[in-house]
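Accompanying notes for the structure given below.
The values are calculated or read from the model by the stated rules, or taken from the named source; none is laboratory data. What you see is a predicted model, and the numbers here were worked out from it, not measured in a lab. Glycine also receives a Cβ, built like all others from the backbone with ideal geometry; neighbour counts cover every protein chain displayed. Just the protein is used for accessible areas: all its heavy atoms, side chains included, with ligands, DNA and RNA removed. Shrake-Rupley method; radii C 1.70, N 1.55, O 1.52, S 1.80 Å.
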Amino acid sequence: MIETTSIGIVIPYYNAAKHIVHVVEKATRYADHIVIINDASPDTMPVEMLNTYQQVQIINNKKNLGVGGATLKGIEVLIKNPEIKVIVKLDADDQMDTTFIPKLVQPILNQHAHFVKGNRFRDLEALKSMPTIRRFGNLFLSFLSKVSTGYWNCFDFNNGFFAISSGTVLKLNTTAISKNYFFETSLIGELYFQQAIIAEIPMPAIYGDEESNMKLFRMPWLFSINLFKKFITRIWKSYFVYDFNIGTVYLVFGVFLFLGGTIFGGYNWSVNSATNELTPVGTIMISTLLIILGFQLLLQAIQFDILRTPTTFIKREGQF
């Protein structure tokens, strides 16, 4: 059994009046400290019913901060309580099975992980209930997220059901974490710089009659831009600012040779094509060799990056 006094739960609230009371009722079985962040929701939150639970604290945002901003605000409140060792993020729309909370927090309390998240892609039967667009969208974005964050051993990055140790939160640069729907992936990206250990818990996907507030057609564009920015930031910090290693050499020479071969070959092809002359075999071989060598070095850089995925547990200073 987990100690409910050591668990804090943050619930970002937006247009979930139909589900919030049921979610809180279930959450009180696992935590003595629950913070609901009303993110300037246009609906009417059932405050009177929620106030019947002593564990609950409601905070109203004057303006909408986004799911990430609301979650971070709740975490800031919970982190001030020295009793709390683990903070769980729980959505207000009842898509998350609270019976998995003990499994989420146990690896952190046992000092096996700093961050534990759900993975909806391990249960193939339950996965069938996930809408097709979401399923394939999550698969594609999860691969790009591996590249972007450096956590090649993770999957289902967009699953917002997670637990994080209080000590790890204290080390995070929260200003660099996205406040919108890129929040979960952005948070994991920042965990990389702390060399945090991430564990995943298989859990089913739950989809009921709730309405999503995401603009699905905007998500690919939003995520692509943010993933690219996060990738560039991680590579720059990991291989040029915080460290300079063999991966840096692979990367620099790989990019230089690959682009050099491509530009050299493309330029000579265009010049000879314009004059209706055949490109010399030697020129073709030089271009091909540069491209192959560059590609091989880039593959080595990727392999090196995969091997650098954090796997060693480091105990955090502070609350835990």
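Which of the residues that make up the range 236-266 are under 16 Å from ILE306 (Cα atoms), polar (S, T, N, Q) and over 25 Å from the mean Cα position of the chain (by Cα)? Correct list: ASN245 only. Of the residues making up the range 106-123, just one is open to solvent by less than 10 Å² (accessible area, probe 1.4 Å), farther than 16 Å from GLY160 by Cβ and not in a loop (DSSP other than H, G, I, E, B), namely ILE108.
In this structure, GLU3 does not satisfy being on the phi < 0 side of the Ramachandran plot, touching a Ser or Thr at 6+ places or on another chain (Cβ under 6 Å) and among the acidic types (Asp, Glu). Being free of Cβ contacts under 8 Å to residues at least 60 places away in the same chain, assigned to a loop (DSSP other than H, G, I, E, B) and within 20 Å of LEU72 (Cβ to Cβ) is a description that does not apply to ALA16.
Conditions (1) within 27 Å of THR168 (Cβ to Cβ); (2) without any contact (Cβ under 8 Å) to a residue 60 or more places away in the chain; (3) open to solvent by less than 80 Å² (accessible area, probe 1.4 Å), marked per residue:
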{"residue": "ASN245", "(1), (2), (3)": "yes, yes, yes"}
{"residue": "PHE256", "(1), (2), (3)": "no, yes, no"}
{"residue": "GLY260", "(1), (2), (3)": "no, yes, yes"}
{"residue": "SER273", "(1), (2), (3)": "no, yes, yes"}
{"residue": "PRO280", "(1), (2), (3)": "no, yes, yes"}
{"residue": "ILE291", "(1), (2), (3)": "no, yes, yes"}
{"residue": "GLN296", "(1), (2), (3)": "no, yes, no"}
{"residue": "ARG308", "(1), (2), (3)": "yes, no, yes"}
{"residue": "THR311", "(1), (2), (3)": "yes, no, no"}
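Every test in (1) more than 18 Å from VAL169 (Cβ to Cβ); (2) modelled with pLDDT of 95 or more; (3) in contact with a Ser or Thr (Cβ under 6 Å, 6 or more places away or on another chain) is passed by ILE36 save one, and that test is (3). When ASP93 is tested against the conditions (1) at pLDDT 90 or above; (2) acidic (Asp, Glu); (3) not in a loop (DSSP other than H, G, I, E, B), the lone failure is (3).
Residue by residue, here is whether (1) part of a helix (DSSP H, G or I); (2) in contact with a Leu (Cβ under 6 Å, 6 or more places away or on another chain); (3) modelled with pLDDT of 90 or more holds:
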site	(1), (2), (3)
VAL249	yes, no, yes
ILE263	yes, no, yes
SER273	yes, no, no
ILE291	yes, no, yes
LEU298	yes, no, yes
PRO310	no, no, yes
LYS315	no, no, no
GLN319	no, no, no
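Residues that are open to solvent by less than 50 Å² (accessible area, probe 1.4 Å), assigned to a helix (DSSP H, G or I) and either among the charged types (D, E, K, R) or under 19 Å from THR309 (Cα atoms) (or both) within the range 138-175 comprise LEU141, SER142, SER145, LYS146, VAL147, SER148, THR149, THR168, listed in sequence order. For the range 99-122, the condition of being without any contact (Cβ under 8 Å) to a residue 40 or more places away in the chain and basic (Lys, Arg) holds for none of the residues. Name every residue in the range 262-271 that is farther than 24 Å from LEU298 by Cα and either loosely packed, with under 14 Cβ neighbours inside 10 Å or touching a residue at least 60 places away in the same chain (Cβ under 8 Å) (or both), in order of residue number. Once the filter is applied, which keeps residues that are farther than 24 Å from LEU298 by Cα and either loosely packed, with under 14 Cβ neighbours inside 10 Å or touching a residue at least 60 places away in the same chain (Cβ under 8 Å) (or both), the range 262-271 yields SER270, VAL271. Checking the stated criteria, LYS80 turns out not to satisfy the condition of being open to solvent by 50 Å² or more (accessible area, probe 1.4 Å) and touching a strand residue (DSSP E or B) at 6+ places or on another chain (Cβ under 9 Å). Does ILE101 satisfy the criteria of being in a strand (DSSP E or B) and surrounded by 17 or more Cβ atoms within 10 Å (Cβ to Cβ)? It is false that ILE101 is in a strand (DSSP E or B) and surrounded by 17 or more Cβ atoms within 10 Å (Cβ to Cβ). Restricting attention to the range 144-186, the residues that are free of Cβ contacts under 8 Å to residues at least 40 places away in the same chain and in contact with a Leu (Cβ under 6 Å, 6 or more places away or on another chain) total 0.
The condition (being part of a strand (DSSP E or B) and open to solvent by less than 10 Å² (accessible area, probe 1.4 Å)) is satisfied by just one residue among ILE59, ILE11: ILE11. Using the structure shown, decide if LYS146 is modelled with pLDDT of 80 or more and out of contact with any Gly (no Cβ under 8 Å at 6 or more places or on another chain). Judged against the criteria, LYS146 is a match.
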